[in-house]
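Engineer: Below is one structure. I have some questions about it.
The values are calculated or read from the model by the stated rules, or taken from the named source; none is laboratory data. Since this is a predicted model, take the numbers as computed values, not measurements. Reconstructed Cβ throughout: ideal geometry from the backbone, glycine too, with neighbour counts over all protein chains shown.
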Amino acid sequence: MIEALQSTAFTIGNGVEVSWLQIIYSVVFVIIAWFMSRLIAYLVVRKLLSKTKISPDSKAIIQRIIFIAMIILVVLSVLTFLGIPLATFAFISGAVAIGFGFGAKTIIENFLSGWILMSERPIRIGDIIELDGLLGMVIQIGNRSTQIKRNDGAHIVVPNSQVLESRLVNWTLNDPFIRTFVRVGVAYGTDVELVRRLLTEVMTSHELVQQEPPTLVVFEDFGDSALVFDAFFWVSVQSGKELRLVRSDIRFMIEKAFKDHDVVVSFPQRDVHLNFTDPKQLSGWPERSS
């Protein structure tokens, strides 16, 4: 059995002979080295760099570079063990590269796009982004795709090339604050200064509303049935609470404040005037049977 494994499997130019036993050793070494490289890269980033102020996406870049560097060392070590010179693969690698390029265009495009995303950093791990109507948090930027966790908990996997080429909104690229608003209408005849004061007090009393930039109350319009006000405020998207829930809290608080101060929230109204002296207005009414 040993003699059979020590027999020559194939011969490369310049008289280099590779035995079956060398191939088995090489395969086992590559498999073990692959998992060890992933483990070492993980330990270096998670353990040694955990006490530093490096951002999560920078740690992901460092982990990927360490892993790829160790894999290159493994490949070179295997070729040295087999006694195969690198020049032997010059022609073969060129042909393989051309064929691989045509056959795996999308994979290569996504791979390069992933490195561009990690280097230019238009998005980072933990950013809140909006892509094609999807709003969520970036949880991973991989070699091929980017994982986004939506507010409802669903995970969306988007190819890196699509992320790079799409018109993307990054809500937390420079700062985590987002301006939003709540619209409310009050009945005609209401003290507008009282409405402004109540809206300002409600917004400033909410724990997640930022004091800077300050809140703002805008008298938006004279509506058909209401005086329309917009209450603008700033919220951090990293507060752990969805914007729609913050707006819901504000609406509950506005309703209570208006009720305590007898401010009426408007509703659609329409006055209908009938002139019963004009028989034409009654022509469409059904006649009562005698």
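Engineer: For the range 142-163, enumerate the residues that are touching a residue at least 40 places away in the same chain (Cβ under 8 Å) and in contact with a strand residue (DSSP E or B) (Cβ under 8 Å, 6 or more places away or on another chain).
Structural biologist: The answer is 151, 159, 160, 163.
Engineer: Within the range 164-189, restricting attention to residues that are out of contact with any Pro (no Cβ under 9 Å at 6 or more places or on another chain) and among the polar types (S, T, N, Q), which residue is farthest from residue 233 (Cα to Cα)?
Structural biologist: 166
Engineer: Related question: Filter the range 41-76 down to the residues that are surrounded by 15 or more Cβ atoms within 10 Å (Cβ to Cβ) and at pLDDT 80 or above, then identify the one that is farthest from the chain's Cα centre (by Cα).
Structural biologist: Looking at the filtered set, the residue picked out is 74.
Engineer: Scanning for something crowded, with 17+ Cβ neighbours inside 10 Å, modelled with pLDDT of 75 or more and in a helix (DSSP H, G or I), does the range 118-127 turn up at least one residue?
Structural biologist: yes
Engineer: Within the set of pairs 6 or more residues apart or between chains, which connect a residue that is within 18 Å of residue 137 (Cα to Cα) inside the range 171-196 to a residue that is of a type in the set (Asp, Glu) with Cβ atoms less than 6 Å apart?
Structural biologist: 172/127
Engineer: Could you look through the range 144-176, keep only residues that are acidic (Asp, Glu) and assigned to a loop (DSSP other than H, G, I, E, B), and pick out the one that is modelled with the lowest pLDDT?
Structural biologist: 152
Engineer: Condition test on residue 198, is it in a helix (DSSP H, G or I) and within 13 Å of residue 261 (Cβ to Cβ)? Can you show your working first?
Structural biologist: On the way: in a helix (DSSP H, G or I): yes; within 13 Å of residue 261 (Cβ to Cβ): yes.
So residue 198 fits the description; yes.
Engineer: Which residue is nearest to residue 245 (Cα to Cα), if the candidates are limited to the range 191-211 and must be more than 35 Å from the chain's Cα centre (by Cα) and buried (at least 19 other Cβ atoms within 10 Å of the Cβ)?
Structural biologist: Selected residue: 198.
Engineer: Can I ask one more? Can you report the number of residues in the range 212-230 which are touching a Gly at 6+ places or on another chain (Cβ under 8 Å), surrounded by fewer than 16 Cβ atoms within 10 Å (Cβ to Cβ) and under 24 Å from residue 245 (Cβ atoms)?
Structural biologist: Just the residues of the range 212-230 that are touching a Gly at 6+ places or on another chain (Cβ under 8 Å), to begin with: 223, 225-229.
Next, only the ones that are surrounded by fewer than 16 Cβ atoms within 10 Å (Cβ to Cβ) stay: 223, 225.
Next cut, under 24 Å from residue 245 (Cβ atoms) only: none.
Here the count works out to 0.
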